[in-house]
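Shown next, in structure tokens, is the structure this report addresses.
The values are calculated or read from the model by the stated rules, or taken from the named source; none is laboratory data. Every value quoted in this text rests on a predicted model; they were computed, and no experiment measured them. Cβ placement follows ideal geometry from the backbone for every residue including glycine, while neighbour counts extend to all protein chains displayed.
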Amino acid sequence: MAVIETHDLVKAFGKLRALDGLDLSVEGGQVFGFIGPNGAGKTTTIRTLLGVYKATSGTAEVFGKNAWTDAVSIHEQVAYVPGDVNLWPTMSGGEVIDFFLRLRDGSGAAYAAAQKRREELLKNFELDPTKKCRSYSKGNRQKVALVAALASDVDLYIFDEPTSGLDPLMEKVFQNYVAEIKAAGKTIFLSSHILSEVERLCDNVGIIRKGKLVEHGTLDELRSRWEVKGEALPSLEEVFMKQYGDEIHSDEGDEENEMHKSIFAQYMPKKKAGDR
Ligand SMILES: Nc1ncnc2c1ncn2[C@@H]1O[C@H](COP(=O)(O)OP(=O)(O)OP(=O)(O)O)[C@@H](O)[C@H]1O
Ligand SMILES: [Mg+2]
């Protein structure tokens, strides 16, 4: 069953269509990588799925429920980590994590289990929970949100660039947890700019461009779709560049841009007339 499903989803901010007919389907039990350049509509998609934004038109469903009207019941089974984590400055990290866990699980058995996971997560992410949130660095604020999300036992985890502030060691810790969650049969929706991370973790990948899904499939499907005969299969980064190479502009005489242009030129698809 699809855990996330959108059809012809449009989210407009005034004249700007941040989502412009997005068709997305994420099956249960998989890690889905959602990639695209700045401003493509990744965060808008996530916020619409979370019921923060109301769709302008089209449908957005999570667990078969309407993302806007059924947001409260959907949230019981969703943990979310935003890209820019803002926390209450005068609370400690531990208090914030506790607050979120209590909101979700009250004080019953599920809360006790979450508390246990919380201790392990704090240790593995090397996070001091006693510090006031205002004193945390960006990476540490992100860890607070990650610990709160990963300590929760839910069916769907939504991460919006969760590792952008983490060092490589912590990125690895995060990746291990994603593998663990997946092994437990949960679904993970991961928006990321770190393509090597997506390559390592994701079963399926969607590429969004100007509010539309332009590529969708398993990593191997994407790579073989852009294969050039006689050459090695392209990496996800190369597939991504092929999608966006034509968006790179160059100023005359700008050496760096010229260099980029020539690099991108190699990746441009060798299309036949009528293709795509
Ligand atoms: N609340 C808002 N009001 C007006 N415009 C918005 C709002 N949120 C997003 N946008 C616009 O919608 C488009 C998509 O933005 P979005 O944040 O979804 O992109 P993104 O793919 O998450 O980018 P990034 O990789 O930089 O995080 C952008 O043009 C952005 O300026
Ligand atoms: Mg974003």
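Descriptive notes on the structure:
- Condition met for I194 (within 16 Å of ligand 1 (Cβ to nearest atom), among the β-branched types (V, I, T) and modelled with pLDDT under 90): yes
- Evaluation of K54 against the conditions (1) exposed (fewer than 15 other Cβ atoms within 10 Å of the Cβ); (2) within 16 Å of ligand 1 (Cβ to nearest atom); (3) closer than 22 Å to L236 by Cα shows that the sole unmet condition is (3).
- Matching residues, region 189-219, being within 16 Å of ligand 2 (Cβ to nearest atom) and assigned to a helix (DSSP H, G or I): L195, E197, V198
- Checked against (1) within 16 Å of ligand 1 (Cβ to nearest atom); (2) in contact (Cβ under 8 Å) with a residue 60 or more places away in the chain; (3) closer than 20 Å to S152 by Cα, V62 passes all but condition (1).
- From the options S92, S73, residue that is in the same structural domain as L22 (by TED's automatic domain parsing), within 22 Å of L121 (Cα to Cα) and not aliphatic (A, V, I, L, M): S92
- For G28, the criteria (1) over 24 Å from S192 (Cβ atoms); (2) more than 16 Å from ligand 1 (Cβ to nearest atom) hold in every case but one, which is (1).
- Only residues that are without any contact (Cβ under 8 Å) to a residue 40 or more places away in the chain, of a type in the set (A, V, I, L, M, F, W, C) and under 30 Å from L121 (Cα atoms) were counted in region 181-239, giving 5.
- Residue ID - nearest to ligand 2 (Cβ to nearest atom), chosen from residues in region 135-154 that are surrounded by fewer than 17 Cβ atoms within 10 Å (Cβ to Cβ) and outside any helix (DSSP H, G or I): S137
- The number of residues in region 18-49 that are within 18 Å of H7 (Cα to Cα) and outside any helix (DSSP H, G or I) comes to 15.
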